[in-house]
1. State all residues of segment 22-42 that are crowded, with 17+ Cβ neighbours inside 10 Å and more than 19 Å from Thr203 (Cα to Cα); if no residue qualifies, say none.
2. Restricting to segment 328-344, give me the number of residues that are surrounded by fewer than 20 Cβ atoms within 10 Å (Cβ to Cβ) and either among the aliphatic types (A, V, I, L, M) or not in a loop (DSSP other than H, G, I, E, B) (or both).
3. Quick test of your reading of the structure: His397 fulfils all but one of (1) in a strand (DSSP E or B); (2) more than 30 Å from Asp434 (Cβ to Cβ). Name the failing condition by number.
4. Please pick out the residue among Val137, Val143, Val127 that is among the hydrophobic types (A, V, I, L, M, F, W, C), free of Cβ contacts under 8 Å to residues at least 40 places away in the same chain and farther than 14 Å from Val68 by Cβ.
5. Given the structure, is Cys368 hydrophobic (A, V, I, L, M, F, W, C) and either at pLDDT below 95 or more than 20 Å from the chain's Cα centre (by Cα) (or both)?
6. Look through segment 77-99, keep the residues that are without any contact (Cβ under 8 Å) to a residue 60 or more places away in the chain, charged (D, E, K, R) and in a helix (DSSP H, G or I), and return whichever of them is farthest from Ala369 (Cα to Cα).
Amino acid sequence: MISRIDLRGAALPEGAALRDLLPRAEFDVEAALEQVRPICEDVRHRGTAALIDYARRFDGVEIERVRVPVEALTEALDALDPKVRAALEESIRRARIVHREQRRTDVTTKVVPGGTVTERWVPVERVGLYVPGGRSVYPSSVVMNVVPAQEAGVGSLAVASPPQADFAGLPHPTILAACALLGVDEVYAAGGAQAVAMFAYGTDECAPVALVTGPGNIYVAAAKRLLKGRIGIDSEAGPTEIAVLADRTADPVHVAADLISQAEHDPMAAAVLVTDSEELADRTEKELAPQIEATKHVEDRIVPALSGRQSAIVLVDGLDEGLKVVDAYGAEHLEIQTADAAAVAARVRNAGAIFVGPHAPVSLGDYCAGSNHVLPTGGCACHSSGLSVQSFLRGIHVVDYSREALAEVAHHVVTLAEAEDLPAHGAAIKARFDWTVPQSK
């Protein structure tokens, strides 16, 4: 079912050459751009009317308005299964503990007497948070988007999630309940590229936002790329992925279960085991079949995901080579199931999130670890971070110099301005000193 890539017996290549040997899903955002461009332009010009048309075309529902009535949020929370409510409340509590600690404080640096630079951290004024609603329902994504935005101090939050035919054109009631639980009352029944365009351009129902965050399908990613600049974005999230770095001490039952857990998201989901133990590889592969047989979503998600080109067991000569492989892969989720797992995890450079040892599966991070599950995919962990409080903050430098402090450095500023052939820059300094630039002593 799952393929093997044998990298044993020779020195591993470097950089892109190694990345090219590793499994990866095809996710052509560039090709999707031309499909989402007319949709975004339509929403720009027709607003709510376009969103209603796309709800009919893409979601198969007839809606009269896009904004969800507040009463629907209250009703969804009142009807929520008490066990689900308790689980969401605990997820929110733990996420707040972690994200509250991420809040930055302003720092003032005294450069010279009379000259300071302060870095102020200011939250984005308004954000649009996207919550997927296709194959599965993701109230956890409501938590992961809303909590860091709230802890950052964002004043205006709006959530969008696709309308559902089974729920009279509203987003899934569990998503609505999660919004109500978090105190979010601005929710829109809009999905895909059209939701991103709604946030970017605004409509008569929805004011435009400055930043859009949250995972989604390829069309959401393409709309984010298209509209980046008009809006800020967190990332262009692709199909979910797990990599497990394991040695002979790992339990194949755990490894197989964790690979399957990510494969059930989507037929394009990636599941990769990197190991120096052929015995573990064999035993894990044998474990897959009975565990798959005992679960759901087998033919439509799990089997296509595990048998696709994006999933594989990668055999390496040793732990050092395994670390090199997982750093080249840059997984969204990376599990370390080895002896002395904490020390091994400390050596990892590229991962969205790292899960250490046998009792920290990715599923824990998806819901109740306190960490965030909106993470970089497609190898982007080598340069990007997951969603956090920092995602919703902007650093602003505040420069405060006295006349004396400016005078001390004026001649350097003028010299550099002239070196760059920008004499007016120097003139702006000279004007403050009757066109005479004092020389340093």
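The values are calculated or read from the model by the stated rules, or taken from the named source; none is laboratory data. On a predicted model such as this, the values are computed, not experimentally measured, just so you know. Please note: Cβ atoms are built from the backbone with ideal geometry, for glycine as well, and neighbour counts cover all protein chains shown.
1. The answer is Leu22, Pro23, Arg24, Ala25, Phe27, Val29, Ala32, Leu33.
2. Qualifying residue count, segment 328-344: 3.
3. Tallying (1) in a strand (DSSP E or B); (2) more than 30 Å from Asp434 (Cβ to Cβ), His397 fails exactly one: (2).
4. Being among the hydrophobic types (A, V, I, L, M, F, W, C), free of Cβ contacts under 8 Å to residues at least 40 places away in the same chain and farther than 14 Å from Val68 by Cβ holds for just one of Val137, Val143, Val127, which is Val137.
5. No, not satisfied.
6. This residue is Asp78.
Condition check ((1) without any contact (Cβ under 8 Å) to a residue 40 or more places away in the chain; (2) surrounded by fewer than 19 Cβ atoms within 10 Å (Cβ to Cβ)) across all residues:
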| residue | (1), (2) |
| --- | --- |
| Arg8 | no, yes |
| Ala11 | yes, yes |
| Arg44 | no, yes |
| Ala49 | yes, yes |
| Val66 | no, no |
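The rows are residues; the columns are (1) of a type in the set (Lys, Arg); (2) more than 28 Å from Pro239 (Cα to Cα); (3) in contact with a helix residue (DSSP H, G or I) (Cβ under 7 Å, 6 or more places away or on another chain).
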site	(1), (2), (3)
Ala10	no, yes, no
Asp53	no, no, no
Leu80	no, yes, yes
Arg96	yes, no, yes
